[in-house]
Amino acid sequence: MRKFILDINPSNEELIEKIKCSSPGEIASGVKLARKAFKVWSKVPLKKRIALFKKIAKDLNNEKKSIGRLVTKEMGKVYRSAVGECEGTAYAIEENIKLAEKASEIEIFKEGNLVTEVHHIPIGVVAVITPWNFPVGMPESLLSPAILMGNTVVFKPSENTPLTGKAIYDIFNRYLPKGVINLLQGAEEVGEALLTSDIDMVSFVGSQAVGKKIMEACSKKLNRLVLELGGKDPMIILKDADLDKAVNYAVNGSLRNSGQVCVSVERIYVDQSIFSKFEKMVLDKVKSYKVGDGFDDVDMGPMVSESQRNHVLTQIEDAKRKGAKVLFGGNAIERKGFFIEPTVISNLNHKHDIMVTETFGPVICLQKVRNAEEAVEKANDSTFGLGATIWTKNSDKGRKIAEQIDSGMIGVNQGIGGVSGTPWVGIKQSGFGYLGSAEGVRQFSVPKKISYKK
Ligand code: NAD
(Lines give C-alpha, C1' and ligand atoms only; values in the text may rest on other atoms or scores of the structure.)
Protein backbone atom coordinates (compact mmCIF):
# COMPACT_ATOMS: atom_id res chain seq x y z
CA MET A 1 0.00 0.00 0.00
CA ARG A 2 1.28 3.48 -0.91
CA LYS A 3 2.33 5.55 2.10
CA PHE A 4 1.80 8.95 0.41
CA ILE A 5 -0.04 10.61 -2.45
CA LEU A 6 1.45 13.63 -4.19
CA ASP A 7 -0.97 16.53 -4.57
CA ILE A 8 0.19 18.24 -7.80
CA ASN A 9 -0.97 21.60 -9.18
CA PRO A 10 -1.95 20.76 -12.81
CA SER A 11 -1.26 24.34 -13.98
CA ASN A 12 2.45 24.29 -13.11
CA GLU A 13 3.23 20.67 -12.07
CA GLU A 14 4.44 21.90 -8.67
CA LEU A 15 3.96 19.78 -5.58
CA ILE A 16 1.28 21.33 -3.36
CA GLU A 17 1.63 18.83 -0.55
CA LYS A 18 2.66 15.26 0.15
CA ILE A 19 -0.41 13.70 1.79
CA LYS A 20 -0.17 10.68 4.09
CA CYS A 21 -2.45 7.82 3.02
CA SER A 22 -4.70 6.26 5.64
CA SER A 23 -3.19 3.01 6.93
CA PRO A 24 -5.21 -0.23 7.27
CA GLY A 25 -5.42 0.48 11.02
CA GLU A 26 -6.75 4.01 10.41
CA ILE A 27 -9.33 2.69 7.93
CA ALA A 28 -10.55 0.14 10.50
CA SER A 29 -10.71 2.72 13.29
CA GLY A 30 -12.56 5.24 11.07
CA VAL A 31 -15.20 2.60 10.36
CA LYS A 32 -15.33 1.62 14.05
CA LEU A 33 -15.88 5.24 15.09
CA ALA A 34 -18.64 5.57 12.50
CA ARG A 35 -20.33 2.41 13.82
CA LYS A 36 -20.19 3.67 17.39
CA ALA A 37 -21.56 7.10 16.38
CA PHE A 38 -24.39 5.44 14.39
CA LYS A 39 -26.01 4.15 17.58
CA VAL A 40 -26.62 7.73 18.74
CA TRP A 41 -26.89 9.65 15.43
CA SER A 42 -29.55 7.30 14.01
CA LYS A 43 -31.79 8.28 16.94
CA VAL A 44 -31.28 12.05 16.61
CA PRO A 45 -34.54 13.60 15.31
CA LEU A 46 -34.42 14.85 11.73
CA LYS A 47 -35.18 18.41 12.87
CA LYS A 48 -31.96 18.48 14.90
CA ARG A 49 -29.93 17.02 12.03
CA ILE A 50 -31.36 19.67 9.72
CA ALA A 51 -30.40 22.50 12.08
CA LEU A 52 -26.77 21.35 11.89
CA PHE A 53 -26.88 21.09 8.09
CA LYS A 54 -28.13 24.68 7.82
CA LYS A 55 -24.98 25.78 9.64
CA ILE A 56 -22.85 23.61 7.32
CA ALA A 57 -24.45 25.23 4.25
CA LYS A 58 -23.85 28.72 5.66
CA ASP A 59 -20.18 28.05 6.42
CA LEU A 60 -19.60 26.54 2.98
CA ASN A 61 -20.99 29.67 1.38
CA ASN A 62 -18.92 31.91 3.67
CA GLU A 63 -15.75 29.98 2.87
CA LYS A 64 -16.36 29.75 -0.89
CA LYS A 65 -13.33 31.87 -1.78
CA SER A 66 -10.78 29.94 0.26
CA ILE A 67 -12.18 26.56 -0.81
CA GLY A 68 -12.47 27.83 -4.39
CA ARG A 69 -8.75 28.66 -4.32
CA LEU A 70 -7.96 25.13 -3.16
CA VAL A 71 -10.08 23.64 -5.96
CA THR A 72 -8.32 25.71 -8.65
CA LYS A 73 -4.92 24.84 -7.21
CA GLU A 74 -5.58 21.12 -6.93
CA MET A 75 -7.51 20.35 -10.13
CA GLY A 76 -7.14 23.43 -12.35
CA LYS A 77 -10.75 24.60 -12.62
CA VAL A 78 -11.21 28.28 -13.50
CA TYR A 79 -11.41 30.12 -10.15
CA ARG A 80 -14.80 31.81 -10.72
CA SER A 81 -16.30 28.38 -11.53
CA ALA A 82 -14.71 26.92 -8.40
CA VAL A 83 -16.34 29.62 -6.28
CA GLY A 84 -19.60 29.00 -8.17
CA GLU A 85 -19.31 25.31 -7.34
CA CYS A 86 -19.14 26.14 -3.60
CA GLU A 87 -22.18 28.44 -3.86
CA GLY A 88 -24.11 25.80 -5.81
CA THR A 89 -23.17 23.17 -3.27
CA ALA A 90 -24.38 25.27 -0.34
CA TYR A 91 -27.69 25.58 -2.23
CA ALA A 92 -27.68 21.81 -2.86
CA ILE A 93 -27.48 21.20 0.91
CA GLU A 94 -30.68 23.22 1.35
CA GLU A 95 -32.28 21.15 -1.43
CA ASN A 96 -31.17 17.88 0.16
CA ILE A 97 -32.69 19.02 3.45
CA LYS A 98 -36.10 19.40 1.74
CA LEU A 99 -35.74 16.03 0.03
CA ALA A 100 -34.73 14.32 3.29
CA GLU A 101 -37.87 15.73 4.94
CA LYS A 102 -40.00 14.14 2.21
CA ALA A 103 -37.99 10.91 2.16
CA SER A 104 -38.35 10.45 5.93
CA GLU A 105 -42.12 10.86 6.06
CA ILE A 106 -43.83 7.85 7.60
CA GLU A 107 -46.27 6.39 5.08
CA ILE A 108 -49.56 5.02 6.37
CA PHE A 109 -51.59 2.36 4.55
CA LYS A 110 -55.03 1.17 5.63
CA GLU A 111 -57.12 -1.88 4.70
CA GLY A 112 -60.30 -2.20 6.78
CA ASN A 113 -59.13 -1.97 10.37
CA LEU A 114 -55.59 -3.07 9.46
CA VAL A 115 -52.97 -0.30 9.54
CA THR A 116 -49.41 -0.54 8.23
CA GLU A 117 -46.88 2.18 8.86
CA VAL A 118 -43.80 2.28 6.64
CA HIS A 119 -40.85 3.99 8.34
CA HIS A 120 -37.64 4.82 6.48
CA ILE A 121 -34.82 3.92 8.80
CA PRO A 122 -31.08 4.52 8.34
CA ILE A 123 -28.86 1.73 7.06
CA GLY A 124 -25.67 2.09 9.11
CA VAL A 125 -22.15 3.01 8.05
CA VAL A 126 -21.93 4.36 4.49
CA ALA A 127 -18.68 4.52 2.52
CA VAL A 128 -18.60 7.71 0.40
CA ILE A 129 -16.07 7.58 -2.46
CA THR A 130 -15.86 10.54 -4.81
CA PRO A 131 -14.08 11.91 -7.93
CA TRP A 132 -12.07 15.10 -8.47
CA ASN A 133 -13.98 16.92 -11.24
CA PHE A 134 -16.48 18.62 -8.89
CA PRO A 135 -14.52 18.07 -5.69
CA VAL A 136 -16.99 20.06 -3.55
CA GLY A 137 -20.28 19.22 -5.25
CA MET A 138 -19.82 15.47 -5.65
CA PRO A 139 -18.93 14.73 -2.00
CA GLU A 140 -21.90 16.80 -0.82
CA SER A 141 -24.26 14.95 -3.16
CA LEU A 142 -23.55 11.75 -1.21
CA LEU A 143 -22.66 13.02 2.27
CA SER A 144 -25.84 15.08 2.78
CA PRO A 145 -28.44 12.41 1.91
CA ALA A 146 -26.49 9.73 3.79
CA ILE A 147 -26.06 11.73 7.01
CA LEU A 148 -29.43 13.52 6.93
CA MET A 149 -31.15 10.13 6.73
CA GLY A 150 -29.40 9.10 9.96
CA ASN A 151 -26.40 7.15 8.69
CA THR A 152 -22.78 7.80 9.59
CA VAL A 153 -20.09 7.96 6.91
CA VAL A 154 -16.50 7.18 6.08
CA PHE A 155 -15.51 9.57 3.31
CA LYS A 156 -12.63 9.09 0.85
CA PRO A 157 -12.17 12.02 -1.52
CA SER A 158 -10.22 11.67 -4.77
CA GLU A 159 -6.45 11.41 -4.54
CA ASN A 160 -6.32 14.39 -6.94
CA THR A 161 -8.18 16.72 -4.55
CA PRO A 162 -7.28 15.63 -1.02
CA LEU A 163 -7.09 19.14 0.49
CA THR A 164 -10.48 20.14 -0.91
CA GLY A 165 -11.81 16.87 0.54
CA LYS A 166 -10.30 17.76 3.92
CA ALA A 167 -11.82 21.27 3.78
CA ILE A 168 -15.30 19.79 3.20
CA TYR A 169 -14.79 17.24 5.95
CA ASP A 170 -13.73 20.05 8.32
CA ILE A 171 -16.93 22.02 7.70
CA PHE A 172 -19.20 18.99 8.21
CA ASN A 173 -17.20 17.79 11.20
CA ARG A 174 -17.35 21.23 12.84
CA TYR A 175 -21.06 20.70 13.58
CA LEU A 176 -21.69 16.95 13.46
CA PRO A 177 -21.06 14.85 16.59
CA LYS A 178 -17.75 12.99 16.71
CA GLY A 179 -17.63 9.94 14.48
CA VAL A 180 -20.60 10.86 12.24
CA ILE A 181 -18.18 11.78 9.44
CA ASN A 182 -14.71 10.24 9.16
CA LEU A 183 -12.05 11.09 6.60
CA LEU A 184 -9.67 8.74 4.80
CA GLN A 185 -7.01 9.87 2.35
CA GLY A 186 -5.46 7.85 -0.46
CA ALA A 187 -6.06 6.35 -3.87
CA GLU A 188 -7.62 3.11 -5.06
CA GLU A 189 -5.90 0.88 -2.46
CA VAL A 190 -7.56 2.86 0.32
CA GLY A 191 -10.89 2.70 -1.51
CA GLU A 192 -10.52 -1.07 -1.93
CA ALA A 193 -9.66 -1.55 1.74
CA LEU A 194 -12.68 0.53 2.74
CA LEU A 195 -14.92 -1.70 0.60
CA THR A 196 -13.82 -4.81 2.49
CA SER A 197 -14.23 -3.19 5.92
CA ASP A 198 -17.25 -3.34 8.24
CA ILE A 199 -19.52 -1.02 6.22
CA ASP A 200 -23.21 -1.41 5.31
CA MET A 201 -23.49 0.64 2.12
CA VAL A 202 -21.34 2.19 -0.59
CA SER A 203 -22.21 5.40 -2.38
CA PHE A 204 -19.91 6.23 -5.25
CA VAL A 205 -19.49 8.83 -7.96
CA GLY A 206 -16.80 7.99 -10.51
CA SER A 207 -15.96 6.03 -13.63
CA GLN A 208 -17.88 3.12 -15.11
CA ALA A 209 -14.82 0.84 -14.75
CA VAL A 210 -14.40 1.49 -11.02
CA GLY A 211 -18.18 1.34 -10.53
CA LYS A 212 -18.13 -2.26 -11.79
CA LYS A 213 -15.35 -3.18 -9.34
CA ILE A 214 -17.35 -1.62 -6.52
CA MET A 215 -20.46 -3.57 -7.39
CA GLU A 216 -18.41 -6.76 -7.36
CA ALA A 217 -16.93 -5.91 -3.96
CA CYS A 218 -20.41 -5.12 -2.59
CA SER A 219 -21.66 -8.57 -3.64
CA LYS A 220 -19.46 -10.22 -0.98
CA LYS A 221 -21.60 -8.92 1.87
CA LEU A 222 -24.63 -7.81 -0.15
CA ASN A 223 -23.86 -4.21 0.78
CA ARG A 224 -26.35 -1.74 -0.60
CA LEU A 225 -24.99 0.65 -3.18
CA VAL A 226 -25.64 3.76 -5.23
CA LEU A 227 -23.42 4.37 -8.27
CA GLU A 228 -23.31 7.57 -10.36
CA LEU A 229 -20.98 6.79 -13.26
CA GLY A 230 -19.58 8.21 -16.47
CA GLY A 231 -21.36 9.36 -19.59
CA LYS A 232 -20.92 9.84 -23.34
CA ASP A 233 -23.68 12.39 -23.83
CA PRO A 234 -24.98 12.85 -27.38
CA MET A 235 -26.23 16.17 -28.73
CA ILE A 236 -28.61 15.94 -31.69
CA ILE A 237 -28.95 18.95 -33.98
CA LEU A 238 -31.84 18.78 -36.43
CA LYS A 239 -32.05 20.84 -39.60
CA ASP A 240 -34.56 23.30 -38.06
CA ALA A 241 -32.45 24.01 -34.92
CA ASP A 242 -31.71 27.53 -33.66
CA LEU A 243 -28.05 27.35 -34.66
CA ASP A 244 -26.80 30.19 -32.45
CA LYS A 245 -28.18 28.50 -29.35
CA ALA A 246 -27.01 25.06 -30.45
CA VAL A 247 -23.47 26.28 -31.20
CA ASN A 248 -23.25 27.94 -27.80
CA TYR A 249 -24.32 24.79 -26.04
CA ALA A 250 -22.10 22.55 -28.17
CA VAL A 251 -18.97 24.60 -27.45
CA ASN A 252 -19.57 25.44 -23.79
CA GLY A 253 -20.97 21.99 -23.08
CA SER A 254 -17.88 20.32 -24.58
CA LEU A 255 -15.23 22.63 -23.09
CA ARG A 256 -16.65 23.50 -19.64
CA ASN A 257 -14.26 22.40 -16.87
CA SER A 258 -11.87 21.39 -19.71
CA GLY A 259 -14.46 18.82 -20.76
CA GLN A 260 -14.13 17.07 -17.41
CA VAL A 261 -17.85 16.85 -16.65
CA CYS A 262 -19.87 13.63 -16.51
CA VAL A 263 -22.58 15.33 -18.60
CA SER A 264 -20.20 17.01 -21.05
CA VAL A 265 -21.32 17.07 -24.65
CA GLU A 266 -19.18 14.16 -25.89
CA ARG A 267 -20.62 13.53 -29.38
CA ILE A 268 -22.57 15.81 -31.69
CA TYR A 269 -24.78 14.49 -34.48
CA VAL A 270 -25.67 17.18 -37.00
CA ASP A 271 -28.15 16.97 -39.87
CA GLN A 272 -26.26 16.88 -43.19
CA SER A 273 -28.16 19.91 -44.59
CA ILE A 274 -26.72 22.27 -41.97
CA PHE A 275 -23.48 20.45 -41.20
CA SER A 276 -21.00 22.80 -42.98
CA LYS A 277 -22.63 25.91 -41.54
CA PHE A 278 -22.64 24.46 -38.02
CA GLU A 279 -19.01 23.33 -38.31
CA LYS A 280 -17.94 26.85 -39.33
CA MET A 281 -19.91 28.50 -36.52
CA VAL A 282 -18.33 26.13 -33.96
CA LEU A 283 -14.85 26.91 -35.28
CA ASP A 284 -15.45 30.67 -35.06
CA LYS A 285 -16.50 30.38 -31.44
CA VAL A 286 -13.71 28.04 -30.33
CA LYS A 287 -11.02 30.29 -31.79
CA SER A 288 -11.78 32.91 -29.14
CA TYR A 289 -11.35 30.46 -26.22
CA LYS A 290 -8.56 31.45 -23.82
CA VAL A 291 -6.68 28.65 -22.06
CA GLY A 292 -4.41 29.09 -19.04
CA ASP A 293 -3.97 28.96 -15.29
CA GLY A 294 -7.42 28.96 -13.67
CA PHE A 295 -6.44 31.97 -11.53
CA ASP A 296 -5.97 34.10 -14.70
CA ASP A 297 -8.68 35.58 -16.90
CA VAL A 298 -9.27 32.45 -18.99
CA ASP A 299 -12.13 30.30 -20.25
CA MET A 300 -10.47 26.98 -19.61
CA GLY A 301 -7.80 25.57 -17.30
CA PRO A 302 -5.58 22.48 -17.64
CA MET A 303 -6.55 18.82 -17.51
CA VAL A 304 -6.38 17.40 -13.99
CA SER A 305 -3.35 15.16 -14.59
CA GLU A 306 -0.82 13.97 -17.11
CA SER A 307 -2.57 10.62 -17.46
CA GLN A 308 -5.93 12.27 -18.16
CA ARG A 309 -4.29 14.46 -20.81
CA ASN A 310 -2.58 11.44 -22.39
CA HIS A 311 -5.91 9.59 -22.56
CA VAL A 312 -7.44 12.49 -24.52
CA LEU A 313 -4.43 12.83 -26.85
CA THR A 314 -4.48 9.07 -27.53
CA GLN A 315 -8.14 9.28 -28.57
CA ILE A 316 -7.37 12.24 -30.86
CA GLU A 317 -4.48 10.33 -32.48
CA ASP A 318 -6.69 7.26 -32.99
CA ALA A 319 -9.33 9.42 -34.68
CA LYS A 320 -6.74 11.05 -36.97
CA ARG A 321 -5.26 7.69 -37.92
CA LYS A 322 -8.71 6.39 -38.86
CA GLY A 323 -9.54 9.32 -41.17
CA ALA A 324 -11.14 11.96 -38.95
CA LYS A 325 -10.23 15.62 -39.54
CA VAL A 326 -8.85 17.75 -36.72
CA LEU A 327 -10.17 21.20 -37.64
CA PHE A 328 -8.75 23.01 -34.63
CA GLY A 329 -6.27 22.22 -31.81
CA GLY A 330 -5.54 18.58 -31.12
CA ASN A 331 -2.27 19.01 -29.25
CA ALA A 332 -0.82 19.41 -25.79
CA ILE A 333 0.18 23.04 -25.17
CA GLU A 334 3.92 23.41 -24.80
CA ARG A 335 4.31 24.92 -21.36
CA LYS A 336 4.45 23.63 -17.80
CA GLY A 337 1.16 22.05 -16.73
CA PHE A 338 -1.22 19.54 -18.27
CA PHE A 339 -2.78 21.85 -20.84
CA ILE A 340 -4.40 20.75 -24.05
CA GLU A 341 -5.76 22.88 -26.87
CA PRO A 342 -9.52 23.16 -27.22
CA THR A 343 -10.09 20.80 -30.12
CA VAL A 344 -12.63 20.37 -32.89
CA ILE A 345 -12.77 17.06 -34.80
CA SER A 346 -15.02 16.36 -37.75
CA ASN A 347 -15.63 13.47 -40.13
CA LEU A 348 -16.11 11.15 -37.18
CA ASN A 349 -18.00 7.87 -36.90
CA HIS A 350 -18.37 5.07 -34.36
CA LYS A 351 -15.19 3.29 -35.55
CA HIS A 352 -13.35 6.07 -33.71
CA ASP A 353 -12.81 5.39 -30.01
CA ILE A 354 -13.49 9.07 -29.26
CA MET A 355 -17.16 8.51 -30.25
CA VAL A 356 -17.48 5.45 -28.02
CA THR A 357 -15.34 5.67 -24.87
CA GLU A 358 -15.72 8.55 -22.39
CA THR A 359 -13.20 11.27 -23.32
CA PHE A 360 -13.49 13.67 -20.38
CA GLY A 361 -11.51 16.29 -22.27
CA PRO A 362 -11.96 19.55 -24.22
CA VAL A 363 -12.87 18.03 -27.57
CA ILE A 364 -15.84 18.90 -29.78
CA CYS A 365 -16.69 15.80 -31.82
CA LEU A 366 -18.84 16.22 -34.94
CA GLN A 367 -20.55 13.53 -36.97
CA LYS A 368 -22.79 14.16 -39.98
CA VAL A 369 -26.12 12.26 -40.05
CA ARG A 370 -28.74 11.86 -42.79
CA ASN A 371 -31.78 12.59 -40.61
CA ALA A 372 -33.32 12.42 -37.11
CA GLU A 373 -33.72 8.62 -37.31
CA GLU A 374 -30.01 8.10 -37.90
CA ALA A 375 -29.19 10.57 -35.11
CA VAL A 376 -31.33 8.60 -32.64
CA GLU A 377 -29.78 5.31 -33.74
CA LYS A 378 -26.26 6.71 -33.23
CA ALA A 379 -27.14 8.38 -29.92
CA ASN A 380 -28.40 5.03 -28.59
CA ASP A 381 -25.37 3.10 -29.85
CA SER A 382 -23.58 3.33 -26.49
CA THR A 383 -23.20 1.49 -23.20
CA PHE A 384 -23.67 4.87 -21.49
CA GLY A 385 -27.02 6.54 -20.81
CA LEU A 386 -26.48 9.63 -18.68
CA GLY A 387 -27.56 12.85 -20.46
CA ALA A 388 -28.58 13.87 -24.00
CA THR A 389 -29.91 16.99 -25.71
CA ILE A 390 -31.98 17.58 -28.84
CA TRP A 391 -32.08 20.86 -30.75
CA THR A 392 -35.03 21.75 -32.98
CA LYS A 393 -37.38 24.76 -33.23
CA ASN A 394 -40.26 22.26 -33.15
CA SER A 395 -40.23 21.43 -29.45
CA ASP A 396 -43.06 18.86 -29.78
CA LYS A 397 -40.96 16.94 -32.25
CA GLY A 398 -37.97 17.33 -29.89
CA ARG A 399 -39.98 15.91 -26.99
CA LYS A 400 -41.09 12.91 -29.09
CA ILE A 401 -37.50 12.23 -30.09
CA ALA A 402 -36.48 12.51 -26.41
CA GLU A 403 -38.74 9.55 -25.66
CA GLN A 404 -36.70 7.45 -28.08
CA ILE A 405 -33.34 8.29 -26.51
CA ASP A 406 -31.89 5.81 -24.00
CA SER A 407 -30.60 8.34 -21.47
CA GLY A 408 -31.65 9.24 -17.94
CA MET A 409 -31.69 13.04 -18.40
CA ILE A 410 -32.68 14.68 -21.67
CA GLY A 411 -32.96 18.38 -22.50
CA VAL A 412 -34.89 19.75 -25.50
CA ASN A 413 -33.28 23.04 -26.62
CA GLN A 414 -31.61 23.28 -23.21
CA GLY A 415 -29.28 21.48 -20.84
CA ILE A 416 -30.14 18.33 -18.92
CA GLY A 417 -30.67 19.78 -15.42
CA GLY A 418 -34.41 20.45 -15.24
CA VAL A 419 -36.53 21.32 -12.22
CA SER A 420 -34.87 20.98 -8.80
CA GLY A 421 -35.98 18.01 -6.73
CA THR A 422 -36.09 15.71 -9.78
CA PRO A 423 -33.64 12.79 -10.08
CA TRP A 424 -30.03 13.04 -11.23
CA VAL A 425 -29.93 9.71 -13.01
CA GLY A 426 -28.00 7.62 -15.47
CA ILE A 427 -29.53 4.57 -17.12
CA LYS A 428 -27.76 1.64 -18.88
CA GLN A 429 -24.18 1.51 -17.54
CA SER A 430 -24.09 5.14 -16.39
CA GLY A 431 -25.38 4.35 -12.97
CA PHE A 432 -27.14 2.14 -10.51
CA GLY A 433 -29.61 3.98 -8.34
CA TYR A 434 -29.69 7.76 -8.53
CA LEU A 435 -29.34 11.00 -6.59
CA GLY A 436 -31.62 14.00 -6.17
CA SER A 437 -35.42 13.60 -5.61
CA ALA A 438 -37.03 12.19 -2.47
CA GLU A 439 -36.73 8.64 -3.88
CA GLY A 440 -33.01 9.18 -4.47
CA VAL A 441 -32.45 10.33 -0.90
CA ARG A 442 -34.57 7.41 0.33
CA GLN A 443 -32.01 4.99 -1.08
CA PHE A 444 -29.92 5.89 1.95
CA SER A 445 -32.54 4.22 4.15
CA VAL A 446 -34.50 0.95 4.29
CA PRO A 447 -38.24 0.58 4.72
CA LYS A 448 -39.52 -0.96 7.94
CA LYS A 449 -43.17 -1.98 8.34
CA ILE A 450 -45.18 -1.90 11.52
CA SER A 451 -48.71 -3.33 11.22
CA TYR A 452 -51.52 -3.33 13.74
CA LYS A 453 -55.31 -3.41 13.95
CA LYS A 454 -57.25 -0.31 15.01
P1 NAD B 1 -12.47 7.09 -10.77
O2 NAD B 1 -13.53 6.08 -10.95
O3 NAD B 1 -11.14 6.81 -11.32
O4 NAD B 1 -12.25 7.40 -9.20
C5 NAD B 1 -13.30 7.81 -8.37
C6 NAD B 1 -12.95 7.48 -6.91
O7 NAD B 1 -12.83 6.07 -6.76
C8 NAD B 1 -11.61 8.08 -6.43
O9 NAD B 1 -11.77 8.52 -5.12
C10 NAD B 1 -10.68 6.87 -6.50
O11 NAD B 1 -9.59 6.94 -5.62
C12 NAD B 1 -11.61 5.75 -6.11
N13 NAD B 1 -11.21 4.41 -6.59
C14 NAD B 1 -10.49 4.10 -7.71
N15 NAD B 1 -10.37 2.75 -7.82
C16 NAD B 1 -11.04 2.22 -6.77
C17 NAD B 1 -11.29 0.87 -6.34
N18 NAD B 1 -10.84 -0.18 -7.03
N19 NAD B 1 -12.02 0.68 -5.22
C20 NAD B 1 -12.51 1.75 -4.52
N21 NAD B 1 -12.29 3.02 -4.86
C22 NAD B 1 -11.58 3.27 -5.98
O23 NAD B 1 -13.07 8.45 -11.35
P24 NAD B 1 -12.38 9.88 -11.43
O25 NAD B 1 -11.34 9.87 -12.49
O26 NAD B 1 -12.04 10.36 -10.08
O27 NAD B 1 -13.63 10.77 -11.94
C28 NAD B 1 -14.07 10.84 -13.24
C29 NAD B 1 -15.26 9.93 -13.51
O30 NAD B 1 -16.35 10.27 -12.64
C31 NAD B 1 -15.79 10.10 -14.92
O32 NAD B 1 -16.09 8.84 -15.46
C33 NAD B 1 -17.07 10.91 -14.71
O34 NAD B 1 -18.02 10.77 -15.74
C35 NAD B 1 -17.56 10.36 -13.41
N36 NAD B 1 -18.51 11.28 -12.78
C37 NAD B 1 -19.85 10.95 -12.78
C38 NAD B 1 -20.79 11.83 -12.25
C39 NAD B 1 -22.27 11.52 -12.26
O40 NAD B 1 -23.03 12.25 -11.63
N41 NAD B 1 -22.73 10.49 -12.95
C42 NAD B 1 -20.35 13.03 -11.69
C43 NAD B 1 -18.99 13.34 -11.69
C44 NAD B 1 -18.07 12.44 -12.24
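The values are calculated or read from the model by the stated rules, or taken from the named source; none is laboratory data. Since we're looking at a predicted model, the values are computed, not measured. So basically every Cβ, Gly included, is an ideal-geometry build from the backbone, and we count neighbours across all protein chains shown.
Observations
- Subset of region 395-418 (residues that are in contact with a Leu (Cβ under 8 Å, 6 or more places away or on another chain) and surrounded by fewer than 17 Cβ atoms within 10 Å (Cβ to Cβ)): 397
- So residue 60, is it outside any strand (DSSP E or B), within 20 Å of residue 146 (Cα to Cα) and touching a Cys at 6+ places or on another chain (Cβ under 9 Å): yes
- The condition (being under 15 Å from residue 149 (Cβ atoms) and not basic (Lys, Arg)) is satisfied by just one residue among 5, 16, 67, 50: 50.
- Under the condition of being among the charged types (D, E, K, R), more than 16 Å from the ligand (Cβ to nearest atom) and under 23 Å from the mean Cα position of the chain (by Cα), the residues counted in region 294-320 number 1.
- Residue within region 425-437 that is closer than 24 Å to residue 94 by Cα and without any contact (Cβ under 8 Å) to a residue 12 or more places away in the chain present: no
- Considering 95, 87, 140, the condition of being in a helix (DSSP H, G or I), within 16 Å of the ligand (Cβ to nearest atom) and surrounded by fewer than 23 Cβ atoms within 10 Å (Cβ to Cβ) is satisfied by 95 alone.
- For region 109-137, taking the residues that are within 16 Å of the ligand (Cβ to nearest atom) and of a type outside the set (Val, Ile, Thr), the one that is nearest to residue 96 (Cα to Cα) is identified as 137.
- Identification of helices (runs of 4 or more DSSP H) wholly contained in region 336-451 with 3 or more residues that are within 27 Å of residue 202 (Cα to Cα) and modelled with pLDDT under 95 yields no element.
- Residue 395 meets each of the listed conditions (1) touching a strand residue (DSSP E or B) at 6+ places or on another chain (Cβ under 8 Å); (2) more than 16 Å from the ligand (Cβ to nearest atom); (3) in contact (Cβ under 8 Å) with a residue 24 or more places away in the chain; (4) among the polar types (S, T, N, Q) apart from (3).
- Residue check: residue 226 meets all listed conditions (1) more than 7 Å from the ligand (Cβ to nearest atom); (2) assigned to a loop (DSSP other than H, G, I, E, B); (3) surrounded by 16 or more Cβ atoms within 10 Å (Cβ to Cβ) but one, namely (2).
- Against the test of being crowded, with 22+ Cβ neighbours inside 10 Å and either among the basic types (Lys, Arg) or more than 10 Å from the ligand (Cβ to nearest atom) (or both), the options 191, 231, 165, 150 yield a single qualifying residue, 150.
- Subset tally (residues that are outside any loop (DSSP other than H, G, I, E, B) and more than 7 Å from the ligand (Cβ to nearest atom)) for region 172-188: 7
- Tally of residues being of a type in the set (Phe, Trp, Tyr) and within 16 Å of the ligand (Cβ to nearest atom) across region 234-252: 0
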